[in-house]
Every structure is written in structure tokens, then in C-alpha cells.
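Structure first, commentary second.
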Amino acid sequence: MPPELFCFILCALSAPDLSGGDVLLPAPQSISILSTNMKHFLTWSPVIVQGATVKYSVEFQGEYEREYAGGSWIPISECSPTTATLCNVTEDISAPVAYKLRVRAELGATRSPWATTEGFFSRAMTSLTPPELRVLADGQHVLVQLADMGPSFQFRVLYWRKGHENRVQQKVLKEVSSVVHLDTMEAGAEYCVKAQTHVEAINRSSSFSPTQCVRAQGDTSLWLLTALLSSAAFAVAALTLPFLTWKISKVFQYSCCPTAVLPDTLKETEPPTQLILRDREEAEQCDLMVVVMPSEEALQLWIQKAL
């Protein structure tokens, strides 16, 4: 038999029957679980069929199914069926027990054998990464900003004044807000911070994040405040000093050299020269008013006034 004919017959016999017969699809290969920060994903290599779209189904088996349910398997509805080669199994692997997972390929009514993970997987096997940390200095306050990683995570934050590494302080944050206040820094000092994630459900912690250091800005703010206060004091002094000088001079003047006040009766309303001239005029008028009368007329006038 020619080699070409032998190869053609062998390939025809080994090719899968996609018409729905008893020949199965090949099982997915390279099945594994990727788990980071309590997020679990089952992955596998795709099954390639020219001109067709292969779908997949995923199932899991926990401790209860193995020991009390006759070794049954539970389908993962989000991935049965799916055209992707990745399935999020985080919600299904939620108990602190060992799990097995498996996947198979499907094309119409044709099914491949199940491909099962090697060994068991537990959520405690997840890989924990350090938190995304940002350290800020607001005046004399040191602040940290942490990325939210979910309700299962806590953060252990260590901070210290640079040069005083033997006096490290610790703060455990269970609920992360936008910015968290750690401590009040001394003016001009430099403080360093690092943090790690912790999952209480599996009693595991990540490594620490790289150390970040910030310097307090209180010395600059204090200098600026002092300058502003000095300027204000100088302006107030420049405005009030002339008035105070005038007031003090008046006080000394009236204290050391008091002014004598004359009674109203002794006050002269007009200059003496005007008073003398006025007296002379009045005297002259009196002289003009004197009239010499004969004695008979004077006697007669006196008698009339008497009667």
C-alpha cells in the first residue's frame, strides 16, 4: 500500500465524527486555576474545530458532594455553556474546603471527555498582593489612600518617623474610605508608611508594599503665618502710633503745666483800649445832657413834682 493512501485512511479513521455519532471531541487541555486576592478563575486551552464554534461546560465538586452526595458534580450556571476558555468560579468556591473542578467541550450533540483539575483547590491557596498605597502630607497630618479590594480584606498599616524605626506604630483598617488620617507629624519631620493586606477568613497576609515617605509641611505654614501676623502688627502700629503720640503729649501737657481758668466775671470780652474809649464817650454824653436851669424854674418844677 502506498504511504500516501495509508496516511489518508489513518487520518480518516482518527478524525472526530461531528455528525453526532459515538466519536467524542478531544477534551480541553492545560486546565488550571488562577487565584489572586480571593478571585478564582478556571482556565483551559481551546478545542479547535475548523468552521465550528465549540462551547464548554464547567462543574465543581466540594467536600459535601464527595462524602455525602455520592460523588456528584454541580454545574456552574454562568459557564455552562460558554464559548470562553475562562470561568469565574469565585462564588462557587466560597467554603473553607477542598474543591475539584472539571470542564468539557461541546459541539452540537457531541461531547468531549471531562478534563479535571489535578489535586484539590482551596480558597486559602489564593495569592495575596500588597495593597495599592498612596501616602499624602497635608500640613502636619500624614494621610493614606488605599484601593478597596473587597469586603474580605483588611489592611495593616505601619508608620514611623524616619530615624526612629524602633518606634513603629500600627493601625488596622477594616473599612477603607477615600482618605484615612494616620497621625499628626512634628514640624519638619519625615514620616514613612507601608501596608499589607490581610484576609481573616483564611488567616493569611500579603507581603508589605514598598515604603513611602513624606515630609511634614508645618514649618512652611508656620513661617507664613508668622510673616502675616508680623505684617498685620506693623500696619496697626503705623496707623495708631501718631494718634498715641499726640494723646500722650496732651496728657503730659495738662499734667505738668495745667492752664488756669479765670472766672467769667474777670474775663474781658473786649480789649482795654476799647473799654477806655467807651467810658470817655459815655462821659461826654453825660456832659452834654447836663442843662443849667434858673432857680425859679427849678423851684417851680420841684413844687409840681411834690404835688
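Brief remarks follow.
- Identity of the residue in the stretch 124-153, part of a loop (DSSP other than H, G, I, E, B) and polar (S, T, N, Q), that ends up nearest to residue 196 (Cα to Cα): 129
- Some residue of the stretch 48-68 being over 30 Å from residue 182 (Cβ atoms), out of contact with any Pro (no Cβ under 8 Å at 6 or more places or on another chain), modelled with pLDDT of 95 or more and surrounded by fewer than 16 Cβ atoms within 10 Å (Cβ to Cβ): no
- Of all residues in the stretch 81-96, those being hydroxyl-bearing (Ser, Thr, Tyr), surrounded by fewer than 17 Cβ atoms within 10 Å (Cβ to Cβ) and part of a loop (DSSP other than H, G, I, E, B) number 3.
- Which listed residue is surrounded by fewer than 13 Cβ atoms within 10 Å (Cβ to Cβ), basic (Lys, Arg), at pLDDT 90 or above and not assigned by TED's automatic domain parsing to the domain that holds residue 98, from 156, 204, 167: 167
- Subset tally (residues that are modelled with pLDDT under 90, buried (at least 16 other Cβ atoms within 10 Å of the Cβ) and not hydrophobic (A, V, I, L, M, F, W, C)) for the stretch 170-182: 0
- Residue identified as free of Cβ contacts under 8 Å to residues at least 12 places away in the same chain and of a type in the set (Lys, Arg) among 123, 167, 161: 167
- Filter pass, residue 101 being outside the structural domain of residue 29 (by TED's automatic domain parsing) and in contact with a Leu (Cβ under 6 Å, 6 or more places away or on another chain): no
- Flag if residue 43 is surrounded by fewer than 17 Cβ atoms within 10 Å (Cβ to Cβ), over 30 Å from residue 148 (Cβ atoms) and in contact with a strand residue (DSSP E or B) (Cβ under 9 Å, 6 or more places away or on another chain): no
- Hits in the stretch 97-123 - residues which are surrounded by fewer than 15 Cβ atoms within 10 Å (Cβ to Cβ) and not in a loop (DSSP other than H, G, I, E, B): 111
The values are calculated or read from the model by the stated rules, or taken from the named source; none is laboratory data. Bear in mind that the values here come from a model prediction, so they are computed numbers and not experimental data. Counting neighbours? That spans all protein chains shown, and the Cβs are built from the backbone with ideal geometry, glycine included.
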